[in-house]
Amino acid sequence: MNKKQPTDKELIKKVLRGDSSAFNIIITNTQGLVISIIYKMIRNNEDRKDISQEVYLKVYSKLSGFKYKSKLSTWIATITYNTCLNHLEKKRILVMEPINDEGMDVWETISGEMPDDNNQTERYVSDKERSEILGSEIDKLSPLYKTIVTLYHNEELSYQEIAKITNLPEGTLKNYLFRARKKLKDNLLSNYKRGDL
Amino acid sequence: MKKEHLKENEIQEYVFDFRNCNYSIIQHIDNCNTCKKAVTDYTLLSEGIKTQPEPLLEYDLAEMVMAKLPAVEKKPKREYNSSGLVALILGIIGATIYLFKNNISTLVKLNDIATYLIISIGAIIAVLWIADIVKSHNKKINSIYLQH
């Protein structure tokens, strides 16, 4: 028989009573999301390792202040995002490129001529290669774009949850997501043949 | 139905936010191969992102964090320090009152509003001051524990 999973509230109560094994469960339940954010925001592997530990130590020390206004995972993701932001600020790394003329093309009309016919890559591209190509194009995006794309498409979080994590207004978040996807699509289509992708 | 090709944001709205999508956009896409192609591009892109492999950890994060938890669990010591600090401040205030009891009793005997006003303002300032000292003390202690 399947044992019922403890709720966030039950886990938090246990941790606050000194049951550290409950904190282990919290880590296991949320580390996928935490790692996703850290890997998109931070490039250096050592820094990633340090930040992932720092996040959970912060969570542990702040747990008594959790107000149940959001899911525990969203709250932990917010701490993760803010910790990464602080790290990037210290290293003077921009969380997103400044928006200039790029802003207009989100609204540009789909042209009759799609950029698929002017391409070079004629060879067969396997599923694995295709995934690697997309992975490397995602990697070229700014930390913020990479993070929101991952949270929306991979983690399947709602706009509301992502807005809470990133502290962005929902409208701005949607706009950034539009830009990130368009940039990805344009980069892929200008560098690779449509049939290959 | 829209005659001209759709805008990028409308295409994305169709793919990612279909429920809020305008009917004229849906109608246009049904009848336009160019925009249909753009829809396919975004659909494929979304599927591609979803199938991206998740990062693999080469270390046991839970184990590493759990090993560091006892350092944070020294919280009771911090509470002891806070109460010690509060006791010290109250002691200083008490000693001050004791040393100047004659002056204070003269002031109280005057029994006018200005005296009570001065005493109550002084008491409020003292309480706020103590609270501020305890708060910043706790903050510093917390950050020290987190660093270790």
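Just so it is clear, none of the values below were taken in a lab; they were calculated from the coordinates. Note that this is a predicted model, so its numbers are computed, not measured. We place every Cβ from the backbone using ideal geometry, glycine too, and count neighbours over all the protein chains shown.
Remarks
- A crude spin-label estimate for the pair B:Ala67 and A:Arg92, with each label 7 Å from Cα along the Cβ direction, gives 3.5 nm.
- The shape of the range A:8-90 can be summarised by an equivalent ellipsoid whose semi-axes, obtained from the alpha carbon gyration tensor, come to 23, 12, 11 Å from longest to shortest.
- Each of A:Val55, B:Val15, A:Val95 was scored by other Cβ atoms within 10 Å of its Cβ. Arranged with the fewest first, they read A:Val95, B:Val15, A:Val55.
- Computed E for B:Ile92/A:Lys4 - FRET, C-beta separation, R0 51 angstrom, nearest 0.05: 0.40
- Restraint check, A:Lys164/B:Lys50; B:Lys7/B:Lys50; A:Lys146/B:Lys50, Cα-Cα greater than 18 Å: A:Lys164/B:Lys50; B:Lys7/B:Lys50
- Across all directions, the average projected area of the convex hull around the alpha carbons of the range A:139-197 is 4.2 nm².
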